[in-house]
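Undergrad: Can you read through this structure? Questions will come right after.
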């Protein structure tokens, strides 16, 4: 008898950090997506961290607002992406956007 998996298993105790600055409105969309994911994954904790100086951007390796770290890693960043205080653009199935889609975030969580 072959058993089929019933559901996707996610890592528990997942720490997600939303890095942002207030002058970029896109962090609000990312925040809404993350709030929806917390409902799906109650073991996930979200930390919201304001980055408001060039020094803080450098220290946190801030690739623009919003940046999302999963267990300390930015799954959407490339090594050569610039660090600094700017709004970030994500490539989504619908074209460039100011935040990853909910499905993109789900996939990133599944592979973290």
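A short reminder: the numbers here are calculations on the coordinates, not readings from a lab. Owing to the predicted nature of the structure, the values given are computational and were not obtained by experimental measurement.
Undergrad: Quickly estimate the mean residue ellipticity at 222 nm for the chain, helices only: each DSSP H run with n ≥ 4 gives -39500 (n - 2.57), and the total goes over all residues, rounded to 500.
TA: Mean residue ellipticity at 222 nm (helix-derived): -8000 deg cm²/dmol.
Undergrad: While we're on this one: Most mobile of 88, 63, 48 per a Gaussian network model of the chain (Cα springs, under 10 Å)?
TA: Per the Cα network of the chain with a 10 Å cutoff, 48 tops the list.
Undergrad: In whole angstrom, and with the biggest value first, how far do the Cα coordinates of region 15-96 range along each principal axis?
TA: Projected onto its principal axes, the Cα set of region 15-96 covers 34, 28, 25 Å.
Undergrad: Take every Cα pair under 8 Å in the chain that's 6+ residues apart, average their separations, divide by the length, and report that relative contact order as a whole percent.
TA: 31 percent.
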